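Please read the structure below before turning to the comments.
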Amino acid sequence: MRTKNQQNEQRQRELILNAAWGLFRERGYKNVTLEDILQSAACSKGRFYYYFHAKAELLDTLYEAFDRQYEAIAAAIDPACPAPEKILLIHRQILEYLSEQVGADLLTNLYLSQLEKNTHIDFWGDTRSYACILRRIVAEGQRAGQMSAEVPCEEVVQDIISLERGQLIDWCLKEGAYSLPAVGVRRMQRCLTGYLA
């Protein structure tokens, strides 16, 4: 059980994160200063540095949010739903979340931190929630005869992750100029037809 002090610490950290993400979304990551975040969160600089080493470290916390989102989406899906439909549901809902709650600017900066090696977190790593969820769904789909077993499960998972990553990068390059869920789901549907039994 968490102590009252731990709960207060978690609340303070969440206040800083919510203030930062709101400002990033509103003004763009590069246009937000540490002072802006401190003012919005009603937080001292010392308190901020208790939780984070720099503004750039706030980007790393998006990984936590993404994992929680993937897990919540997957948990809400009817277990009886066929595997390809589960994948499409997760894909649609995460694309909606990214386009509505995160935005192209913040996602672009997240990718830049990956490319510049400014983080030790691998956005698309094999142990991240999305990869684990996909692995489970694809394996279930192959066992149930809903998805072809000709291509190994891990290869299917990597193909799906690569497609999603490509979709997100394309959307970022086009500065969010089109509906990410509408276009992304159509592309994922076409991809999945190659893996149906």
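Within the range 58-73, how many residues are surrounded by 14 or more Cβ atoms within 10 Å (Cβ to Cβ) and either farther than 11 Å from residue 94 by Cα or of a type in the set (A, V, I, L, M) (or both)?
8
Which helices (runs of 4 or more DSSP H) sit wholly inside the range 80-197 and have at least 3 residues that are among the hydrophobic types (A, V, I, L, M, F, W, C) and closer than 18 Å to residue 68 by Cβ?
In the range 80-197, 83-97, 104-115, 129-143 are the helices (runs of 4 or more DSSP H) which contain 3 or more residues that are among the hydrophobic types (A, V, I, L, M, F, W, C) and closer than 18 Å to residue 68 by Cβ.
Considering (1) touching a Lys or Arg at 6+ places or on another chain (Cβ under 6 Å); (2) modelled with pLDDT under 90; (3) not aliphatic (A, V, I, L, M), say which one residue 119 fails and leave the rest.
The number of the failed condition is (1).
Testing residue 195 on (1) without any contact (Cβ under 8 Å) to a residue 40 or more places away in the chain; (2) surrounded by 13 or more Cβ atoms within 10 Å (Cβ to Cβ); (3) over 17 Å from the mean Cα position of the chain (by Cα), one condition comes back false. Which one is that?
So residue 195 meets the others, but not (1).
Under the condition of being part of a helix (DSSP H, G or I) and of a type in the set (Ser, Thr, Tyr), which residue from the range 1-56 is nearest to residue 112 (Cα to Cα)?
Within the range 1-56, the match that is nearest to residue 112 (Cα to Cα) is 29.
Give just the number: which of (1) without any contact (Cβ under 8 Å) to a residue 24 or more places away in the chain; (2) within 17 Å of residue 165 (Cβ to Cβ) does residue 97 not satisfy?
Result: residue 97 passes all but (1).
Count, please, the residues in the range 1-35 that happen to be open to solvent by less than 40 Å² (accessible area, probe 1.4 Å) and either closer than 17 Å to residue 103 by Cβ or of a type in the set (Lys, Arg) (or both).
9
When residue 147 is evaluated against the numbered criteria (1) surrounded by fewer than 17 Cβ atoms within 10 Å (Cβ to Cβ); (2) more than 11 Å from the chain's Cα centre (by Cα); (3) among the aliphatic types (A, V, I, L, M), which criterion, by number, is the only one it fails?
Status for residue 147: all satisfied but (1).
The values are calculated or read from the model by the stated rules, or taken from the named source; none is laboratory data. Note that this is a predicted model, so its numbers are computed, not measured. Every residue, glycine among them, receives a Cβ derived from its backbone with ideal geometry; neighbour counts consider all protein chains shown. Side chains included, ligands, DNA and RNA excluded: accessible areas come from the protein's heavy atoms. Shrake-Rupley method; radii C 1.70, N 1.55, O 1.52, S 1.80 Å.
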